[in-house]
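Here the structure comes first, spelled out in structure tokens, and everything after it is commentary.
The values are calculated or read from the model by the stated rules, or taken from the named source; none is laboratory data. Being a predicted model, the structure only gives us computed values, none of them experimental. Reconstructed Cβ throughout: ideal geometry from the backbone, glycine too, with neighbour counts over all protein chains shown.
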Amino acid sequence: MKTRLMIALALAGASSGAWASSALLIEKPLPAVSAGDRTSGGVVSAPLPPGQFEREPVQFAWALDPSDAVSAPMVEVMESRSFWRTVEAAELQRGVEVELSAPGAVIQLSPAAGARALPAQSLKVRDAANRVMDTRQFESAQLQQAGMAVTPGTQLLKLESGDIGRYRLQAADGQGRYVLQVLEPNSPVVLRARTDRAVAFAGSRISLQVDMDGAQSAAASLAQRLARAPLVGQGLLVAPDGRTWDVPLQAGRGGGLSSTVALPAEGSDAPGLWELQVFAEQGGIARDTRLAFAVSRPTARIAGSIRATNLADLRFPLQVGAPGRYEVRATLFATGSDGQLRPVAQGHSAAWFNAAGAGQLRLSFAGVALPAGYGAPYELREVELHDQSRMAPIERRARALRF
């Protein structure tokens, strides 16, 4: 659609505020998709989750400090100096081997469902010479009083001494399965994992990158071992409804691991974030972490040209694929006296749509006073479309309309 610009005569009498000083109609097609944008070429149907939903439309906006930076959310990099695994009582009686990369490790053992709680002080750590290591021990009651959410029967040990090497964790009188967690807060060996986005569409792909760092600052013996050993690992994709898929990790040229993960086209009807769990090991040093991200279905999209009658009347055309409550968010930028665009207001608008088809969301910045010295030209940035009924972010555009 061609850009249309119609400027009408000024409203009779004094203006009713900075936002509506003239009748103005600007309608422009959305700009080309840029890096970091999230858009969909179509929409899908989806059932409504159970529950009651607000049906009344709502709009609100507030002023921003132009000196505050507004930027796209960054993808989080998860770091880990810890790992966990499940162990059986028989393994604990024989001794579970644990490879440590630094002094001061913290070891926690918790009984799984149906397992017998271990007697106090029954958990021991032995070195390569079979000597019992000095530890500070804490039981579940102490940990709960300190605010830790642990199961009854949990024991936590902090090694008072120790060095790099292999140790054995032993406990008699166990019965059942236990969860072993080892944290090395002083270790130079750090697992780093990241995805290429924080939100992805169902049926799309998300990239995973995994690296193990710290060989450069590790003690010489450990550094040599890490340099000789490849990084190996495995991933697991976990949906909010509990379904899981194995994620093989491939070695890259730089020594890290990577994978391109195909997300199920059907998504999940259960609310919540998805997870990529990563388990890695290099030179006997184990690490694991998990990355959370949102997977949404494009139940609606911004389709067509955004219209601006004035800043009190912005209209976003929607193509709706499923009934529900949808919300648009936008940051208004205005031009300062130095000619630079800066953020001056944030606005949200939400409404209920009863059926699939064409729709529209209106957004108003009426009542928000512009900072002194700021005015046209304006620009809408960081425009987002959300499916509130399914708690899912859908579209995002760094830039949407300049006028």
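If we keep just the residues of the stretch 262-278 that are surrounded by fewer than 20 Cβ atoms within 10 Å (Cβ to Cβ) and either assigned by TED's automatic domain parsing to the domain that holds Glu384 or assigned to a strand (DSSP E or B) (or both), which is nearest to the chain's Cα centre (by Cα)? So that I can check it myself, show each step before the final result.
The first filter runs over the stretch 262-278 and keeps only residues surrounded by fewer than 20 Cβ atoms within 10 Å (Cβ to Cβ), leaving 262, 264-266, 268-273, 275, 277.
Filter once more, so that each one left must be either assigned by TED's automatic domain parsing to the domain that holds Glu384 or assigned to a strand (DSSP E or B) (or both): 262, 275, 277.
Working: Ala262: 17, Glu275: 9, Gln277: 13 Å.
Ranking the candidates gives Glu275 first.
Those residues that are among the hydrophobic types (A, V, I, L, M, F, W, C), loosely packed, with under 12 Cβ neighbours inside 10 Å and in contact with a strand residue (DSSP E or B) (Cβ under 9 Å, 6 or more places away or on another chain), I need them from the stretch 29-62; list them, please. Quick ask: steps written out before the conclusion?
First pass over the stretch 29-62, keeping only residues among the hydrophobic types (A, V, I, L, M, F, W, C): 30, 32-33, 35, 43-44, 46, 48, 53, 58, 60-62.
Subset that is loosely packed, with under 12 Cβ neighbours inside 10 Å: 32-33, 35, 58, 62.
Passing the criteria: Val33, Ala35, Val58, Trp62.
Count, please, the residues in the stretch 222-273 that happen to be aliphatic (A, V, I, L, M) and within 25 Å of Leu100 (Cα to Cα). Reasoning before the result, please.
The first filter runs over the stretch 222-273 and keeps only residues aliphatic (A, V, I, L, M), leaving 222-223, 226-227, 229, 231-232, 236-239, 247, 249, 251, 257, 261-263, 265, 270, 273.
Those left that are additionally within 25 Å of Leu100 (Cα to Cα): 222-223, 226-227, 229, 231-232, 236, 249, 251, 257.
Result for the stretch 222-273: 11.
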Inset, instruction - Return the pairs, sorted by first residue and then second, in which the second residue is modelled with pLDDT of 80 or more and of a type in the set (Ser, Thr, Tyr), the first residue lies in the stretch 20-43 and is assigned by TED's automatic domain parsing to the domain that holds Ser364 and in a loop (DSSP other than H, G, I, E, B), the beta carbons are less than 6 Å apart, and the residues are 6+ apart or on different chains. - result: Pro29/Ser305; Val33/Thr39
Legend entry - Condition met for Arg290 (within 30 Å of Ile164 (Cα to Cα), surrounded by fewer than 20 Cβ atoms within 10 Å (Cβ to Cβ) and at pLDDT 95 or above): yes
Inset, instruction - State whether one or more residues within the stretch 65-83 are of a type outside the set (Asp, Glu), touching a Phe, Trp or Tyr at 6+ places or on another chain (Cβ under 9 Å) and within 30 Å of Gln175 (Cβ to Cβ). - result: yes
Inset, instruction - Of all residues in the stretch 137-171, count the ones that are over 13 Å from Leu109 (Cα atoms) and more than 31 Å from the chain's Cα centre (by Cα). - result: 12
Inset, instruction - Examine the stretch 163-182 for a residue that is more than 28 Å from Gln234 (Cβ to Cβ) and free of Cβ contacts under 8 Å to residues at least 40 places away in the same chain, and state whether such a residue exists. - result: no
Legend entry - Any pair with Cβ under 8 angstrom, 6 or more apart, that starts in the stretch 116-129 at a residue that is part of a loop (DSSP other than H, G, I, E, B) and ends at one that is modelled with pLDDT of 90 or more and β-branched (Val, Ile, Thr): Leu123/Ile107
Inset, instruction - Starting from the stretch 49-75, keep only residues that are assigned by TED's automatic domain parsing to the domain that holds Trp352 and without any contact (Cβ under 8 Å) to a residue 40 or more places away in the chain, then list their pairs with residues that are in a loop (DSSP other than H, G, I, E, B) and not small (Gly, Ala, Ser) whose Cβ atoms are within a distance under 6 Å, requiring at least 6 positions of separation or different chains. - result: none
